[in-house]
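Scroll down for the structure; my scribbles are underneath it.
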Amino acid sequence: MSWSTLTSSIVIRRPLAEVVAFVDDCNNDPLWQSAVWETVKLTEGDPAPGTIYHVKEKFLGRIIEQQWEVVSRNADGSQWTAKTVSGPFPMETTMKFEPVDGGTRVTRILNIDASRFFKLAEPIVLRLAQRELDADFATLKEILEAES
């Protein structure tokens, strides 16, 4: 496996609890994540280790369906990690929410093994994925700051 790491970070002028609550609601995923068509939480209760999500998304013209499992999560939701348990390629993501002066810093770290799925195009795929992460965070900021 050839793992690559992508990172994106943005400051949103909203309290940490409000940002976490918006991101926790998987029904909001298609609003701020451009590739996501639908996210369905398959496990009852609040997000916690063991929670499973089914995600349907489109990337490079392909429909991708994956299941993600939350593997760790702080009690207040300020940091969590999830990994794919099914789908075309392995991924793991960590989301961090930190209070900063005037708002909340949101950071996403995405570890991805695109080499099995995209082979020779991996560098291009990673650049596109990085652009998508950055654009998605800009959309998240726009949505949440418009609500204030």
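Values in this text are rule-based calculations from the coordinates and carry no lab data. Just so we're clear, the structure is a prediction, and the values are computed from it rather than from any experiment. Here Cβ is always computed from backbone atoms with ideal geometry, including for glycine, and neighbour counts include all displayed protein chains.
Against the chain, whose longest principal axis is taken from its Cα atoms, helix 122-146 shows a tilt of about 20°. The lysines within cross-link reach of Lys83, meaning a Cα-to-Cα straight distance under 20 Å and a gap of 8 or more places when in the same chain, are Lys41, Lys56, Lys58, Lys96. Backbone phi angles across the stretch 2-12, fed through the Karplus curve with coefficients 6.51, -1.76 and 1.60 (θ = phi - 60°), yield HN-Hα couplings of 10, 7, 10, 10, 10, 9, 9, 8, 7, 9, 10 Hz in residue order; Gly and Pro are listed as x. Computed from phi, the 3J(HN,Hα) profile of the stretch 16-21 under the Karplus parametrisation 6.51, -1.76, 1.60 (θ = phi - 60°) reads 3, 4, 5, 5, 4, 4 Hz, with x in place of Gly and Pro. Only DSSP H runs of four or more residues enter the estimate; each adds -39500 (n - 2.57), and after division by the residues of the chain the mean residue ellipticity at 222 nm equals -8500 deg cm²/dmol.
The charge dipole of the chain, taken about its Cα centre with unit charges on the Cβ of Lys, Arg, Asp and Glu (plus for the first two, minus for the last two), comes to roughly 560 debye. DSSP beta bridges confined to the chain are antiparallel in about 100 percent of cases.
Comparing mean-square fluctuations of Glu132, Glu57, Glu18 from a GNM of the chain with C-alpha springs under 10 Å, the top value falls on Glu18. With a simple spin-label model that places each label point 7 Å from the Cα along the Cα-to-Cβ direction, the separation between Asp25 and Glu98 comes to 2.7 nm. Applying the Karplus relation 6.51 cos²θ - 1.76 cosθ + 1.60 with θ = phi - 60° to the stretch 67-75 yields 3J(HN,Hα) values of 10, 10, 10, 6, 9, 7, 6, 5, 4 Hz, where x marks Gly and Pro. When the chain is treated as a GNM with alpha-carbon contacts under 10 Å, the residue of Trp80, Trp37, Trp68 showing the greatest mean-square fluctuation is Trp37.
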